[in-house]
Amino acid sequence: MFADRQTLELWSGRTDPEADALRWHQCIQPLTVNSAPGMALLGFACDEGVRRNQGRVGAAEGPTAMRRALANVAWQRQGAAYDAGDIRCADGDLEGAQQRLAEGVCLLLDAGHLPLVMGGGHEVAWADWSGLALHLAKTLPKPRIGIINFDAHLDLRDPVQGPTSGTPFTQIAAHCATHGWPFHYACLGLSLAANTRTLLRRATELDVLIREDHEIREGSLERIGAELDAFAAGCDALYLTFDLDVLPAGEAPGVSAPAAHGVNLVLLEPLIRRLKASGKLRLADVAELNPALDQDGRTARIAARLIHTLALDLQTGSEQQERKTA
């Protein structure tokens, strides 16, 4: 779970002559066993779940594209950030890759890091949640993990024929039911056109908090933010998963299933910052970037922007001012 030389060489870019003008490629560090707690980027180079779900494959190259896009982003973080390398699924063994990712996420959490996983298909969610569950179960008998999924899809399909990119939250719900854990799931940006009535009924049965794509607009952000505050208050830890297909196709073309409607990033970023401000965010991932379908690298740049936003310290001036005026 350490970055190899080829991965580290992706971190290259512009160097400015001015003082205090650093970029990510100048500040990211390779993860070591002695690294002080910080944000740890971990790639999940896998789209086997997308293939099984009959989607357009290519997301296995997502981590590479995210690193390249992030390399030139201005460095605004105070704390450390590390590259922990990639977990790969080159042989179709999705279950094995998910297990390795879960173990890697758990190890990062045990070491005090904030893992940020770069997908990969949304099958990353089952593995990431499992890693957080492994970590929390060491100290909490029944951890209350809140899942916030920015996504056009519920991903509550039946995994009876095996896991796919469309089954992670059904798998999580089943695990919670088996172990007597509470299941807390919120899906923001859902498209009714992309979810069958069966999936919607399953969401109702599981008491999923849903906000549809058309509901998320400028005038509703404070109300939805308050709902997320209440959601977070009932959880021990939060797991944020951002499926890039929640964005409009024109904004994020490089995904497995582009959204006809979607929700603009400008509306979702304030909600992400609100979740960060809760102090309970322990894990995040960005999924479904498909570089082969990405016109002019637009989706990769959005993924880099999301990572940058998640990496910002809460003490950053702009965020601090937003909280004062909220």
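The values are calculated or read from the model by the stated rules, or taken from the named source; none is laboratory data. None of the values given here were measured: they were computed from a predicted structure. All Cβ positions, even for glycine, are placed from backbone atoms using ideal geometry, and neighbour counts span all protein chains on display. These area figures cover heavy atoms from the full protein model, side chains too; ligands, DNA and RNA do not enter into them. Shrake-Rupley method; radii C 1.70, N 1.55, O 1.52, S 1.80 Å.
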## Note on the structure
For the chain, whose charge dipole is built from +1 on Lys and Arg Cβ atoms and -1 on Asp and Glu Cβ atoms, the candidate among LEU140, HIS153, THR32 with its Cα farthest towards the positive end is LEU140
### Charge tally in the Cβ shell below 15 Å around THR64, where Lys, Arg are +1 and Asp, Glu are -1, THR64 excluded
-3
### Task
Take every DSSP beta bridge with both residues inside the chain and express the antiparallel ones as a percent of the total, to the nearest 5.
5 percent
## Note on the structure
Karplus-derived 3J(HN,Hα) from phi for the range 103-116 (6.51 cos²θ - 1.76 cosθ + 1.60, θ = phi - 60°), whole Hz, x at Gly and Pro, runs 5, x, 4, 4, 4, 5, 5, 4, 7, x, 8, 9, x, 10
### Query
Using unit Cβ charges (K, R positive; D, E negative) and no other charged atoms, how large, in debye to the nearest 20, is the dipole of the range 20-159 about its Cα centre?
320 debye
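Remind me, relative contact order of the chain in percent, using alpha carbon pairs under 8 angstrom and six or more residues apart?
Taking the mean separation of contacting Cα pairs over the length of the chain, I get 20 percent.
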### Lys, Arg +1 and Asp, Glu -1 on Cβ, resulting dipole of the chain about Cα centre, debye, nearest 20
420 debye
#### Entry: Cα-Cα P(r), the range 5-324, percent of pairs per 20 Å interval
35, 61, 5
### Summary
For the chain, any Cys whose C-beta has no other cysteine C-beta under 4.7 angstrom counts as unpaired, and these are CYS27, CYS106, CYS176, CYS187, CYS235
### Task
Rank by packing, highest mean first: peptides 295-303, 149-157, with packing defined as the count of other Cβ atoms within 10 Å averaged across residues.
149-157, 295-303
### Query
Short version: ³J(HN,Hα) in whole Hz for each residue of the range 176-187, in order, from phi by Karplus 6.51 cos²θ - 1.76 cosθ + 1.60 (θ = phi - 60°), x for Gly and Pro, what are they?
4, 5, 5, 9, x, 8, x, 10, 10, 9, 10, 10
### Task
Keeping every protein chain in place, order CYS89, CYS187 by accessible area at 1.4 Å, biggest value first, i.e. largest first.
CYS89, CYS187
## Note on the structure
Taking placed amide H atoms and a strict 5 Å upper bound, the residues 5 or more places from VAL117 or on another chain that come that close are LEU42, ALA284, ASP285, VAL286
### Task
Quickly rank 17-30, 248-261 as a protection proxy: mean count of other C-beta atoms within 10 Å, highest first.
248-261, 17-30
